[in-house]
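In what follows, a structure is listed as structure tokens, so that the remarks can point back to it.
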Amino acid sequence: MAFRFQQPQQNPYGGALAPAIPTHSLLAQVLGMTALGLCVTALAAYVAQGVAPGLGLIALIVGFILLFAINGTRANAALSLTLFYAFAFCEGIGIAPTIGRYIHTVGPSVVVSAALTTGLGMFALAAIVYATGLDLRRFQGIFLIALLGLVVFGIVSIFVRFVHPEIYAWLTLVIFTGLVLIDFARIRAGGDGLTPVQMAVSIYLDVINIFLALLSIFGGRRSSD
């Protein structure tokens, strides 16, 4: 299910917003945190191979709680970063059953293809924003409303399947592609008052959701061949 944590540009806790950081330094910092978080997720998914779906669901719920804890500790960078890596570990356990299902039904190549395509896609989207100055931040509200609708569709489809999984995956891909462009534009602009950890969380969630969408698309096509 599509899943994202979004911090508003204003500081809801009062006081000054996070100080601006030079663009290139901020980009390197955010991408470094994100990359390490993704490594933690990959490790957790590998360790949790064969974990029961129920345990995976519990891990996702714990991760959801940790997202709010990350936001609440934004003034303490070290604690916020530690919570981010704890969240990334929970996320790895949560998605392990999904990855395992594709490995056993389609083969490990589909996971590799989805991961490589996600990585190349993120690089291309970042290059577009930094090379052209594309700024879609004014459309952030529209994308978040679309994401909310996607989440509702996902919940309803658990009980009544009226949206084909591949269509849902494509919608997820389109929405999170837009959110990636917004996130990179935010980094290019200096962060919009968000901390580097909060921006890393946003980019991380973009990557995970795009990866899962591509896994569903590629896996569905391989299984139908």
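Tabulated values for the structure
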quantity: Long-range neighbours under 6 Å by Cβ, at least six apart or interchain, first residue within 16 Å of Val207 (Cβ to Cβ) within the stretch 165-193, second acidic (Asp, Glu) and modelled with pLDDT under 95; calculated: Arg186/Asp192
quantity: Test: residue in the stretch 88-97 that is outside any helix (DSSP H, G or I), crowded, with 16+ Cβ neighbours inside 10 Å, modelled with pLDDT of 90 or more and more than 17 Å from the chain's Cα centre (by Cα); calculated: no
quantity: Pair list, Cβ < 8 Å and 6+ apart or interchain, from the stretch 136-161 residues that are more than 18 Å from Val180 (Cβ to Cβ) to residues that are part of a helix (DSSP H, G or I) and hydroxyl-bearing (Ser, Thr, Tyr); calculated: Phe153/Tyr168; Gly154/Tyr168; Ser157/Tyr168
quantity: Among (1) out of contact with any Lys or Arg (no Cβ under 8 Å at 6 or more places or on another chain); (2) surrounded by fewer than 20 Cβ atoms within 10 Å (Cβ to Cβ), the one test that Phe84 misses; calculated: (2)
quantity: Matching residues in the stretch 197-222 - criterion: being surrounded by fewer than 24 Cβ atoms within 10 Å (Cβ to Cβ) and among the charged types (D, E, K, R); calculated: Arg221, Arg222
quantity: Residue match in the stretch 66-81 (condition: out of contact with any Phe, Trp or Tyr (no Cβ under 7 Å at 6 or more places or on another chain), β-branched (Val, Ile, Thr) and in a helix (DSSP H, G or I)); calculated: no
quantity: Residue within the stretch 166-188 that is surrounded by fewer than 21 Cβ atoms within 10 Å (Cβ to Cβ), over 17 Å from the mean Cα position of the chain (by Cα) and under 30 Å from Asn76 (Cα atoms) present; calculated: yes
quantity: Matching option when the condition is of a type in the set (A, V, I, L, M, F, W, C), out of contact with any Phe, Trp or Tyr (no Cβ under 9 Å at 6 or more places or on another chain) and in a helix (DSSP H, G or I), among Phe184, Phe211, Phe218, Phe153; calculated: Phe211
quantity: Scope the stretch 76-111; condition of a type outside the set (Gly, Ala, Ser), without any contact (Cβ under 8 Å) to a residue 40 or more places away in the chain and under 15 Å from Val197 (Cβ atoms); matching residues; calculated: Asn76, Leu79, Thr82, Leu83
quantity: Residues being basic (Lys, Arg) and closer than 30 Å to Ala189 by Cβ - total across the stretch 135-176; calculated: 2
quantity: Residue in the stretch 149-193 that is modelled with the highest pLDDT, counting only those that are under 17 Å from Arg138 (Cα atoms) and charged (D, E, K, R); calculated: Asp183
quantity: Breaking point among (1) among the aliphatic types (A, V, I, L, M); (2) surrounded by fewer than 20 Cβ atoms within 10 Å (Cβ to Cβ); (3) outside any helix (DSSP H, G or I), for Leu194; calculated: (2)
quantity: Test: residue in the stretch 193-209 that is within 23 Å of Gly220 (Cα to Cα), in contact with a helix residue (DSSP H, G or I) (Cβ under 7 Å, 6 or more places away or on another chain) and not aliphatic (A, V, I, L, M); calculated: yes
quantity: Residue match in the stretch 121-138 (condition: of a type outside the set (Ser, Thr, Tyr), exposed (fewer than 15 other Cβ atoms within 10 Å of the Cβ), within 24 Å of Gly56 (Cβ to Cβ) and modelled with pLDDT of 90 or more); calculated: no
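Conditions (1) among the polar types (S, T, N, Q); (2) over 26 Å from Tyr46 (Cα atoms), marked per residue:
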{"position": "Ala114", "(1), (2)": "no, no"}
{"position": "Phe123", "(1), (2)": "no, no"}
{"position": "Thr132", "(1), (2)": "yes, yes"}
{"position": "Ile167", "(1), (2)": "no, yes"}
{"position": "Val174", "(1), (2)": "no, yes"}
{"position": "Pro196", "(1), (2)": "no, yes"}
{"position": "Ser216", "(1), (2)": "yes, no"}
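The values are calculated or read from the model by the stated rules, or taken from the named source; none is laboratory data. The structure displayed is predicted, hence computed values, not measured ones. Note: ideal-geometry Cβ built from the backbone for every residue, glycine included; neighbour counts use all protein chains shown.
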